[in-house]
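Inspection log for the structure reproduced underneath, given as structure tokens.
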């Protein structure tokens, strides 16, 4: 099954972590889908990926803008993979509705990013962990260290 990584954000926010993870995925030659919980968050991430670094940007589009199949990174609120992504980033509590769906097996990796200081997000991440594990996914938990790096916990 698909490798599924749970990233517990404690010190830095999503806006500080996500661009670097997406960059690393693109360096591997992977396409990415970023699934969000709302159109407002999609809009905010759209702006972030264009402006997070004064020296660069991440080429991307939101679902419905242009030819999705040509996008290296696609932001969406839907459960879709029109750009043939190898990695799915789930933010804001978004995630697969069915961890046993065959479409997940086409992915190399699923990354669940959640804020550790938000009780609702923490509960949702715990439930997603249980569902992913029950569906046979290889799950790992990554916690932010005091230095801001992520270390594998289990």
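Scanning the stretch 109-126 for residues that are in contact (Cβ under 8 Å) with a residue 40 or more places away in the chain, out of contact with any strand residue (DSSP E or B) (no Cβ under 6 Å at 6 or more places or on another chain) and in a loop (DSSP other than H, G, I, E, B) yields a single hit, 117. Across the stretch 46-83, the qualifying residues are those that are touching a helix residue (DSSP H, G or I) at 6+ places or on another chain (Cβ under 7 Å) and assigned to a helix (DSSP H, G or I), and the one among them that is farthest from residue 20 (Cα to Cα) is 48.
Looking across the stretch 84-95, the residues that are within 11 Å of the chain's Cα centre (by Cα) and assigned to a loop (DSSP other than H, G, I, E, B) come down to 91, 92, 93, 94, 95.
The rows are residues; the columns are (1) surrounded by 12 or more Cβ atoms within 10 Å (Cβ to Cβ); (2) farther than 19 Å from residue 5 by Cβ; (3) touching a residue at least 40 places away in the same chain (Cβ under 8 Å).
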{"residue": "25", "(1), (2), (3)": "yes, no, yes"}
{"residue": "30", "(1), (2), (3)": "yes, no, yes"}
{"residue": "42", "(1), (2), (3)": "yes, yes, no"}
{"residue": "46", "(1), (2), (3)": "yes, yes, no"}
{"residue": "55", "(1), (2), (3)": "no, yes, no"}
{"residue": "58", "(1), (2), (3)": "yes, yes, no"}
{"residue": "62", "(1), (2), (3)": "yes, yes, no"}
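Evaluated against (1) touching a residue at least 40 places away in the same chain (Cβ under 8 Å); (2) surrounded by 21 or more Cβ atoms within 10 Å (Cβ to Cβ), residue 96 falls short on exactly one condition, (1).
Scan the stretch 64-75 residue by residue and report those that are touching a strand residue (DSSP E or B) at 6+ places or on another chain (Cβ under 6 Å) and in contact (Cβ under 8 Å) with a residue 24 or more places away in the chain. Let's see the steps before the verdict.
Going residue by residue through the stretch 64-75, those that are touching a strand residue (DSSP E or B) at 6+ places or on another chain (Cβ under 6 Å) are 68, 71, 73-75.
If the condition is that a residue be touching a strand residue (DSSP E or B) at 6+ places or on another chain (Cβ under 6 Å) and in contact (Cβ under 8 Å) with a residue 24 or more places away in the chain, then 71, 73, 74, 75 are the ones that fit.
For the stretch 1-18, filtering for residues that are in a helix (DSSP H, G or I) and crowded, with 18+ Cβ neighbours inside 10 Å leaves 3.
Scoring residue 36 on the criteria (1) closer than 25 Å to residue 120 by Cβ; (2) at pLDDT below 95; (3) buried (at least 17 other Cβ atoms within 10 Å of the Cβ) leaves a single failure, condition (2). Taking the stretch 130-154, which residues are in contact with a strand residue (DSSP E or B) (Cβ under 7 Å, 6 or more places away or on another chain), surrounded by fewer than 18 Cβ atoms within 10 Å (Cβ to Cβ) and more than 23 Å from residue 16 (Cα to Cα)? Selection gives 133, 138, 154. Scanning the stretch 19-34 for residues that are out of contact with any helix residue (DSSP H, G or I) (no Cβ under 9 Å at 6 or more places or on another chain) and not in a loop (DSSP other than H, G, I, E, B) yields 20, 21, 23, 24, 25, 26, 27, 33. Checking each residue in the stretch 50-76 for being at pLDDT 95 or above and closer than 20 Å to residue 13 by Cβ picks out 73, 75.
The values are calculated or read from the model by the stated rules, or taken from the named source; none is laboratory data. For clarity, every value in this text was computed on a predicted model and none was experimentally measured. Because the Cβ atoms are built from the backbone with ideal geometry, glycine has one as well, and the counts that use them run over all protein chains shown.
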